[in-house]
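One structure is given here, and the rest of the page talks about it.
Every read-out reported here was derived from the displayed coordinates using simple, explicitly stated rules and does not represent laboratory data. Keep in mind that what you see is a predicted model, and the values were worked out from it rather than measured. Every residue, glycine as well, gets a Cβ built from its backbone with ideal geometry; the counts of neighbours run over all protein chains shown.
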């Protein structure tokens, strides 16, 4: 039993998000600016 | 060449200060763990990608608005966000999380086990399938902890932070999960060897 349980996951090592997802996130991050004015925050997405 | 890895907290600080590369590094560092965690709850690649994306959109917004204050606990914080989004997903679809043996999963089982012979591959798959079926039979709280620990390779500290229980409770659930599995294995005289 111990031998079996000590095995690493078969899928957690190979699972990764798609390149498109990562690319979107990095692009989104670069484009996003958040400005806080008093209690309100404004999100600006630049092209 | 020695590769010095900056801690998450430093990368978070750099990102908040405007270094976009720091985000790429953080994503790269944790993508497998977070994606695997979501996929373990929702075995669908498209939905997992969506939730992964939504998770990091929240992360980006929080960091950019300077609302993040959990220094040194970046991964558990992101995991908690993804956990909440998974719960939201199941609330929307009104389904309980289930582990289904899918074609996709079987392919990955084979791919990650290249060194085995065909016979050993089949045995290994069978063992994994049997084990998954046994895990399926566990109470939900025990199953959650066991999957996080064994399949996601998380520490009990991380598990306790994500599930919102104490480390001792998480340890207890793991212990009972293993005890229950052993009981079922003994009862039905199941052989789990490779």
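Taking the three principal axes of the alpha carbon atoms in the range B:122-166, the coordinate ranges are 38, 20, 9 Å, sorted in descending order. The value of relative contact order for the range B:8-93, using C-alpha pairs under 8 Å at least six residues apart, is 34 percent.
With neighbours defined as other Cβ atoms within 10 Å of a residue's Cβ, the residues A:38, B:158, A:43, B:119 order from fewest to most as A:38, B:119, A:43, B:158.
Quick one, can you get me the convex hull of the C-alpha atoms of the range B:8-93 expressed as volume per residue in Å³? Walk me through the numbers before you get to the answer.
On the way: hull volume 7.3 nm³, N = 86.
Residue-normalised Cα hull volume stands at 85 Å³.
Counted by neighbouring Cβ atoms within 10 Å, the residues B:52, B:74, A:42 run from fewest to most as A:42, B:74, B:52. Counting beta carbons within 10 Å around each of B:90, B:151 and listing the fewest first gives the order B:90, B:151. Once R0 is set to 30 Å, what does the formula 1/(1 + (r/R0)^6) return for the Cβ-Cβ distance between residue A:38 and residue B:58, expressed as a FRET efficiency to the nearest 0.05? Once the sixth-power term is evaluated, E becomes 0.85.
Compute the FRET efficiency between residue B:183 and residue B:119 as 1/(1 + (r/R0)^6), taking r as their Cβ-Cβ distance and R0 = 25 Å, and round to the nearest 0.05.
That gives a FRET efficiency of 0.25.
Which FRET efficiency value, to the nearest 0.05, is calculated for residue B:5 and residue B:157 with the Förster distance at 22 angstrom and r the Cβ-Cβ distance?
Values: r = 20 Å, r/R0 = 0.90.
Given R0 = 22 Å and the Cβ-Cβ separation, E is 0.65.
Taking the centroid of alpha carbons for each part, the range B:124-194 and the range B:1-70 are 27 Å apart.
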